[in-house]
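See below for the structure under consideration.
The values are calculated or read from the model by the stated rules, or taken from the named source; none is laboratory data. Just so it is clear, the structure is predicted and the values come from calculations on it, not from any experiment. Note that we place each Cβ from the backbone using ideal geometry, even for glycine, and neighbour counts take in every protein chain shown. SASA here: full protein model, heavy atoms, side chains in, ligands and nucleic acids out. Shrake-Rupley method; radii C 1.70, N 1.55, O 1.52, S 1.80 Å.
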Amino acid sequence: MTTSTGTAPGPRALARQRRRASVARFWRQYRSERAGLYGLTALSLCALLALFAPLFVGSDVSSVTDAPGRPMQSPSAEFPLGTDQFGRDLLGLVIWGSRVSLLVGLLAAVLSVAIGTLIGVTAGHFKGWYATVMMRITDWFLVMPTLVLAIALATVMSRSLTTTVVAIGVTTWPTTARLVRAQTLAVETRPYIERAQALGGGHWHIMSRHVLPNVMPLVLAQTTLIISSAILAEATLAFLGLGDPTVVSWGGLLQDAREAGAVSAGDWWYLVPPGIAIAVVALAFTLCGRAVESVLNPRLGVSR
Amino acid sequence: MTADATPALVEDEQRTAAGPRVRRSSAYPRYLAGKVAGAAVSLLAVLVTSFFLFRLIPGDPVKTMTGGRQVSAEQLAAYREEFGLDLPLWRQFTDYCGKALTGDFGTSYQFRAPVVDKITEALPNTLLLTGTAFVLYTALGIFLGTRSAWRHGKLGDRVNTGLALTLYSIPSFWLGLLLIIVLSVGIGPLPGMFPTGGMESGGEEGFAYVLDVAHHLVLPVVTLVAVEYGQTLLVTRSALLDEMGSDYLTTARAKGLRDDLVRRRHAVPNALLPTVTLIFINLGRTVAGVILVETVFSWPGLGGLFYQALSVPDLPLVQGLFFVFAAAVILMNTLADLVYPLLDPRVAR
């Protein structure tokens with residue numbers, strides 16, 4: 001039955017076709033969300049800039065010893081964004097910093113959503129004591145002030161990028177877990193799950209083949225929204241001096257600026273670009289997330 | 001019907017008459033007890049976490065405390081004893097929990113003063129800042145959110161929502177730093193108008209003191225309001241939009257009520273119910289924003305203290321503040337749970 005005969009496509013090709021059709025449908029609806037398009041454009045530009053940063057700026061841009069300019073120069077033709085307290089080119093630093101800020105934001109969001117999805121799907125699938133315990137833990141994390149917990153974690157661990165990623169990821173998963181669990185419970189009431197169980201599908205098969213694909217769109221929207229808050233959280237941790245001091249990130253640049261006395265000296269050019277970069281990327285991810293959400297679930301009403 | 005039977009009968013009648021009513025109103029106490037018990041469990045969990053979280057730290061807290069100075073072995077031992085670090089872990093834990101329940105969070109490494117004293121000293125300053133900001137951003141958020149929803153899709157709504165989302169994406173500490181540069185330090189021809197930080201200039205008394213504190217309060221409050229009002233706006237807006245298709249609004253309009261009356265008397269009170277929950281949760285959630293804003297403006301509150309404690313790190317102080325921040329959020333969430341059914345009786349049932 002499953003072998004393809006004549007022109008009829010095989011099950012794999014059929015699945016691929018369906019997937020392509022749903023992606024196309026998704027894109028058609030996404031295109032009508034103007035704010036989402038702006039966000040996507042801004043993100044693509046930032047991603048390109050971060051990816052190709054080594055082409056415009058050397059990796060020695062953050063080197064303190066052979067800085068090209070004099071300390072604290074205001075913007076000029078040579079240094080469009082001025083220089084920092086060591087005479088380093090700020091434009092180069094901001095571009096270079098995008099790599100760390102975006103990477104940490106992405107990794108932390110992926111970690112957070114992965115934990116949330118795992119707990120949400122399993123708690124929705126296995127009911128009983130396991131679900132009760134998991135949801136208790138989730139609720140507890142949910143009432144904790146996320147950033148305070150992340151700060152505490154970052155304080156007790158050694159300063160590194162991994163610490164930042166873990167501190168953000170481990171504290172932000174509960175909302176995802178709740179959403180995913182609710183969606184899992186909804187999916188599991190559908191008849192085809194019963195059919196799969198009747199045909200002998202095990203827990204793993206049902207969770208990975210039937211529940212997860214149906215939860216994925218929601219997870220995607222959630223990831224986009226969490227990246228935005230993860231980038232803000234990374235900047236905050238770096239600003240509080242809890243980030244990795246050896247790498248350049250936007251939050252770290254703001255901390256450097258503050259420590260170098262840029263605020264009291266009125267050296268605005270040192271502060272403005274990193275902050276704008278953070279705001280633009282965070283806003284772009286928020287816009288994309290809201291657009292994805294309103295395409296997938298028009299009843300949610302976030303962007304109406 | 002005999003005379004002596006009457007009282008019993010009346011009592012019985014009363015009981016049956018009051019029966020359903022009593023049972024209905026008893027839903028709230030049970031709901032209340034459940035929520036309070038939940039909060040108590042959460043607080044205990046926070047306490048346990050605050051103990052073990054800060055024992056994760058590699059290295060010796062005593063070494064951190066002495067900051068790498070040359071210290072003799074006897075002195076180290078004395079420090080250990082002073083801070084109870086010589087005891088086995090389980091004793092430290094039971095000691096910690098027992099003392100914490102009586103409000104004792106140990107001695108701060110850097111200030112050599114009880115953690116509780118430092119916290120109670122800074123608390124009023126934080127409450128002044130958050131209280132002022134809270135009133136303003138809640139009022140602003142509800143006002144703009146209502147207007148936005150009522151004229152949704154129009155230019156005003158788009159500007160409102162766009163601005164709220166943008167400010168929501170801005171790191172609060174960055175906004176604070178910019179405000180200091182522009183309005184305190186002064187930029188170009190613009191003179192500095194506000195103090196760069198702190199809470200008072202010192203030496204002022206009476207009404208002049210109040211004015212001085214208010215002057216210091218302006219920039220931190222503006223920063224907090226700017227980053228926080230957006231969420232209230234968005235929640236109010238979407239709650240009101242959900243409400244706007246309702247039949248009772250059509251009825252109200254059909255009987256000829258003016259549009260602004262329909263909005264004020266009918267739609268807004270109902271739509272504000274979810275906002276009430278958010279308001280309480282916000283009060284607790286503002287904690288993180290306060291840490292940053294106080295750090296930037298050197299405001300002598302809990303957030304500023306937290307930052308000072310982080311850089312050492314002064315573990316007992318970090319621990320105590322962590323507990324206070326988490327407890328504030330849990331308390332506010334519980335309050336939201338408790339108030340909500342009074343506004344919307346369907347919740348407790």
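Among the residues of this structure, residue B:267 counts as one that is closer than 22 Å to residue B:156 by Cβ, among the hydrophobic types (A, V, I, L, M, F, W, C), at pLDDT below 85 and in the same structural domain as residue B:183 (by the TED database). Of the helices (runs of 4 or more DSSP H) contained entirely in the range B:189-296, those carrying at least 3 residues that are under 30 Å from the mean Cα position of the chain (by Cα), aliphatic (A, V, I, L, M) and closer than 21 Å to residue B:333 by Cα fall at B:206-244, B:268-296.
Taken together, the criteria place residue A:283 among residues that are at the interface with another protein chain (Cβ under 8 Å from one of its Cβ atoms), surrounded by fewer than 24 Cβ atoms within 10 Å (Cβ to Cβ), under 21 Å from the mean Cα position of the chain (by Cα) and under 25 Å from residue A:114 (Cα atoms).
State yes or no: is residue B:239 more than 26 Å from residue B:166 (Cα to Cα) and either surrounded by fewer than 22 Cβ atoms within 10 Å (Cβ to Cβ) or not acidic (Asp, Glu) (or both)? It is false that residue B:239 is more than 26 Å from residue B:166 (Cα to Cα) and either surrounded by fewer than 22 Cβ atoms within 10 Å (Cβ to Cβ) or not acidic (Asp, Glu) (or both).
Cβ-Cβ contacts under 9 Å between residues 6 or more apart (or on different chains), taken from a first residue in the range B:26-43 that is within 11 Å of residue B:334 (Cβ to Cβ) and within 14 Å of another protein chain (Cβ to nearest Cβ) to a second residue that is outside any helix (DSSP H, G or I) and open to solvent by less than 40 Å² (accessible area, probe 1.4 Å), are listed as B:42/A:144. Only one of the numbered conditions (1) β-branched (Val, Ile, Thr); (2) modelled with pLDDT of 80 or more; (3) more than 30 Å from residue B:211 (Cβ to Cβ) is violated by residue B:57, and that is (2).
Within the range B:271-288, how many residues turn out to be open to solvent by less than 10 Å² (accessible area, probe 1.4 Å) and at the interface with chain A (Cβ under 10 Å from one of its Cβ atoms)? Walk me through how you get there before you give the answer.
Going through the range B:271-288, the residues open to solvent by less than 10 Å² (accessible area, probe 1.4 Å) turn out to be B:271, B:275, B:282, B:284, B:286.
Remaining after also requiring at the interface with chain A (Cβ under 10 Å from one of its Cβ atoms): B:284, B:286.
Total satisfying the criteria: 2.
Take the conditions (1) touching a residue at least 40 places away in the same chain (Cβ under 8 Å); (2) surrounded by fewer than 18 Cβ atoms within 10 Å (Cβ to Cβ); (3) among the aliphatic types (A, V, I, L, M); residue B:190 misses just one of them, which is (1).
Go over the candidates B:321, B:317 one by one and state the one that is in contact (Cβ under 8 Å) with a residue 12 or more places away in the chain, facing chain A (nearest Cβ under 9 Å), hydrophobic (A, V, I, L, M, F, W, C) and within 18 Å of residue B:104 (Cβ to Cβ). After applying the criteria, what remains is B:321. Selection of the range B:297-315 for residues being open to solvent by 10 Å² or more (accessible area, probe 1.4 Å) and either over 28 Å from residue B:175 (Cβ atoms) or modelled with pLDDT of 85 or more (or both) yields B:298, B:300, B:304, B:305, B:307, B:308, B:315. Residues that are touching a residue at least 12 places away in the same chain (Cβ under 8 Å), out of contact with any Gly (no Cβ under 7 Å at 6 or more places or on another chain) and within 26 Å of residue B:199 (Cα to Cα) within the range B:128-169 comprise B:128, B:130, B:132, B:133, B:134, B:136, B:137, B:138, B:140, listed in sequence order.
Per-residue answers, yes or no, for (1) in contact (Cβ under 8 Å) with a residue 12 or more places away in the chain; (2) open to solvent by less than 50 Å² (accessible area, probe 1.4 Å):
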{"residue": "A:139", "(1), (2)": "yes, no"}
{"residue": "A:148", "(1), (2)": "no, yes"}
{"residue": "A:154", "(1), (2)": "yes, yes"}
{"residue": "A:168", "(1), (2)": "yes, yes"}
{"residue": "A:171", "(1), (2)": "yes, yes"}
{"residue": "A:184", "(1), (2)": "yes, yes"}
{"residue": "A:207", "(1), (2)": "yes, yes"}
{"residue": "A:212", "(1), (2)": "yes, no"}
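Filtered by the rule that a residue be more than 7 Å from chain B (Cβ to nearest Cβ), charged (D, E, K, R) and within 27 Å of the chain's Cα centre (by Cα), the range A:239-273 gives A:244, A:256.
Of all the criteria given as (1) surrounded by fewer than 21 Cβ atoms within 10 Å (Cβ to Cβ); (2) touching a residue at least 40 places away in the same chain (Cβ under 8 Å); (3) more than 30 Å from residue A:26 (Cβ to Cβ), the one not satisfied by residue A:276 is (2). The residues listed here are A:246, A:236; of these, the one that is among the hydroxyl-bearing types (Ser, Thr, Tyr) and crowded, with 24+ Cβ neighbours inside 10 Å is A:236.
Among A:226, A:278, which is away from chain B (no Cβ under 12 Å), of a type outside the set (S, T, N, Q), assigned to a helix (DSSP H, G or I) and touching a helix residue (DSSP H, G or I) at 6+ places or on another chain (Cβ under 8 Å)? Walk me through how you get there before you give the answer.
Working: A:278 fails: away from chain B (no Cβ under 12 Å).
Answer to the check: A:226.
Looking only at the range B:131-174, which residues are within 13 Å of chain A (Cβ to nearest Cβ), of a type in the set (Val, Ile, Thr) and either open to solvent by less than 50 Å² (accessible area, probe 1.4 Å) or not in a helix (DSSP H, G or I) (or both)? If the condition is that a residue be within 13 Å of chain A (Cβ to nearest Cβ), of a type in the set (Val, Ile, Thr) and either open to solvent by less than 50 Å² (accessible area, probe 1.4 Å) or not in a helix (DSSP H, G or I) (or both), then B:161, B:170 are the ones that fit. The single residue among B:124, B:114 that is more than 12 Å from residue B:233 (Cα to Cα) and under 19 Å from the mean Cα position of the chain (by Cα) turns out to be B:124.
Scanning for something away from chain B (no Cβ under 14 Å), of a type in the set (Phe, Trp, Tyr) and touching a residue at least 12 places away in the same chain (Cβ under 8 Å), does the range A:188-195 turn up at least one residue? Quick ask: steps written out before the conclusion?
Initially, the range A:188-195 is screened for residues away from chain B (no Cβ under 14 Å), giving A:188-195.
Then keep just the ones that are of a type in the set (Phe, Trp, Tyr); that gives A:192.
Checking which are touching a residue at least 12 places away in the same chain (Cβ under 8 Å) leaves us with A:192.
The answer is yes; a qualifying residue exists.
Comparison of B:324, B:293, B:318 shows that the only residue that is over 28 Å from residue B:274 (Cα atoms) and buried (at least 19 other Cβ atoms within 10 Å of the Cβ) is B:318.
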